[in-house]
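Beneath this line is the structure, given in structure tokens, with notes to follow.
The values are calculated or read from the model by the stated rules, or taken from the named source; none is laboratory data. For clarity, every value in this text was computed on a predicted model and none was experimentally measured. Every residue, glycine among them, receives a Cβ derived from its backbone with ideal geometry; neighbour counts consider all protein chains shown. Accessible surface is based on the protein model in full, side chains and every heavy atom, while ligands, DNA and RNA are left aside. Shrake-Rupley method; radii C 1.70, N 1.55, O 1.52, S 1.80 Å.
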Amino acid sequence: MAVSQSRSRRVTGAAVLSIVLAQWFGTSLWFSPSGAVEGLSAWLGATPGQFGWLIAATQIGFICGTLLSAATGIADRFPPERIFIVSSLIGAGLNFVWTLGPSELALVWISRFFVGVSLAGIYPMGMKMIVKRAQAKSGQALAWLVAMLTLGTAMPQLLSAVGASLPWQSIMWGSSALAVLGSVLIAMISGRGAPRRSRGVMRASAASTATTSPRGDGEPALRRLFRDRMFRAAVFGYAGHMWELYAFWAVVPTLVIAVVGERSGSTGLATTSFLVIAAGVAGCVLGGVIARRAGGAAVAAAALAGSGLMCLIYPLLPDVGPILVAALALWGFLVIADSPQFSDLAARYAPAELTGTGLTVMNSLGFAVSVISIVVLQSLIVSFGAVAVWLLLPGPVLGLLAMRPLVLGPRSPQPRPGERIRRR
């Protein structure tokens, strides 16, 4: 029995590692244009504003894809492994094919939009696969998953820092190849490392999903999800977090330039920007470890409050380079540490047969919020400088207010298979 359990844990651990790596490879599609900004802009003849909308195309496509998934219940009608594989292959193809065509901005925008749609089948499905396999340790495993997304966000800055001299097309092709590799990793673990259930239970679960995914007892899935007070608290807390997160990441290079100026050169600027964003990797991982003892809600609230505090005090700090860079790194550490915990909380409070839909709709709402804050902050920071980051402060404040039920009087979520209920 002990040998069987040990083998099961090894299989599960290997599956979780494969999912984390596949998520990193698959989401490399998201930020690949940022790594080729100079060559791609020259090829398209695009202004900085036009290139910004090219990046926004992926965000908008992701929002549309998650809305479609949530409305149709696709995320819970098909195995997440299958959705991930198909989405990765489609996204890789779309990310590759436009590089061979004419230099038409509209054509590239459309291609990147549908890459964003395909990412709606990669990022949320990676989370669902983690939740299904990691069970009691899903918060910690999701922390690694989001850490890889954070590292992917920082990668364009790293490429710029090392002075990669490859043609811009090679960066796009490389990200497509990574996405294909991610689909291969998921194909290799498909059906392995997940909890086993009897055929009778599986038939009952399938029947329940078929009848209740979009509608349970005649009630729409979204209404079932948002009827739960704790699920709403997790989702709206996440929305407050997302108001701050991507807008902060978007202006990190601008804030770094204001701190160190041009004296450090392009390599120094890119390296500092990379380190600020990549600090979030440590934030995610450490938050996942602490959540095992303190609970995900406490970690999410502490990180959200900490990043909100950094948002408040950053424009007030003395104009001393090392102090400002250290503050930015601390902000980068805190700003993403709550994300995996919000995802874990939403998954735990969603009905079991609607986990995928719950995670998908949460992502859709969060990324829709992020598009607004990105556009507004990018336009204000040029005129007002660092003080413009106060625009992000309502996100953490409203997020903390929204998640009060989780912190002050949480209802214990239903335990997952194999998860022990700890007595308090």
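Numbers below:
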item	result
Ser69, sole failed condition from (1) modelled with pLDDT of 90 or more; (2) crowded, with 23+ Cβ neighbours inside 10 Å	(1)
Meets criteria (open to solvent by less than 10 Å² (accessible area, probe 1.4 Å), over 17 Å from Val146 (Cα atoms), in contact (Cβ under 8 Å) with a residue 60 or more places away in the chain and out of contact with any strand residue (DSSP E or B) (no Cβ under 6 Å at 6 or more places or on another chain)) for Ala270	yes
Subset of region 1-47 (residues that are at pLDDT 85 or above, more than 30 Å from Val131 (Cα to Cα) and part of a helix (DSSP H, G or I))	Leu40, Ala42, Trp43, Leu44
Checklist (1) of a type outside the set (Asp, Glu); (2) out of contact with any Leu (no Cβ under 7 Å at 6 or more places or on another chain); (3) surrounded by fewer than 18 Cβ atoms within 10 Å (Cβ to Cβ) applied to Ala305, failing item	(2)
Which listed residue, of Val289, Val276, is in contact (Cβ under 8 Å) with a residue 24 or more places away in the chain and either outside any helix (DSSP H, G or I) or open to solvent by 10 Å² or more (accessible area, probe 1.4 Å) (or both)	Val289
Contacts under 8 angstrom Cβ, first residue in region 101-127 being in contact (Cβ under 8 Å) with a residue 24 or more places away in the chain, partner not in a helix (DSSP H, G or I), 6 or more apart	Ser103/Gly45; Leu105/Gly45; Leu105/Ala46
Selection count where residues are open to solvent by 50 Å² or more (accessible area, probe 1.4 Å), in a helix (DSSP H, G or I) and farther than 24 Å from Leu365 by Cα, scope region 83-104	4
Some residue of region 124-134 being of a type in the set (Gly, Ala, Ser) and open to solvent by 60 Å² or more (accessible area, probe 1.4 Å)	no
Condition check for Pro315: assigned to a helix (DSSP H, G or I), open to solvent by 10 Å² or more (accessible area, probe 1.4 Å) and either modelled with pLDDT under 90 or closer than 19 Å to Pro396 by Cα (or both)	yes
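Here's the yes/no breakdown for (1) modelled with pLDDT of 90 or more; (2) of a type in the set (D, E, K, R); (3) open to solvent by less than 10 Å² (accessible area, probe 1.4 Å):
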{"position": "Ala221", "(1), (2), (3)": "no, no, yes"}
{"position": "Phe226", "(1), (2), (3)": "no, no, no"}
{"position": "Phe231", "(1), (2), (3)": "yes, no, yes"}
{"position": "Met242", "(1), (2), (3)": "yes, no, yes"}
{"position": "Ala247", "(1), (2), (3)": "no, no, yes"}
{"position": "Pro253", "(1), (2), (3)": "no, no, no"}
{"position": "Val260", "(1), (2), (3)": "no, no, no"}
{"position": "Val281", "(1), (2), (3)": "yes, no, no"}
{"position": "Cys284", "(1), (2), (3)": "yes, no, yes"}
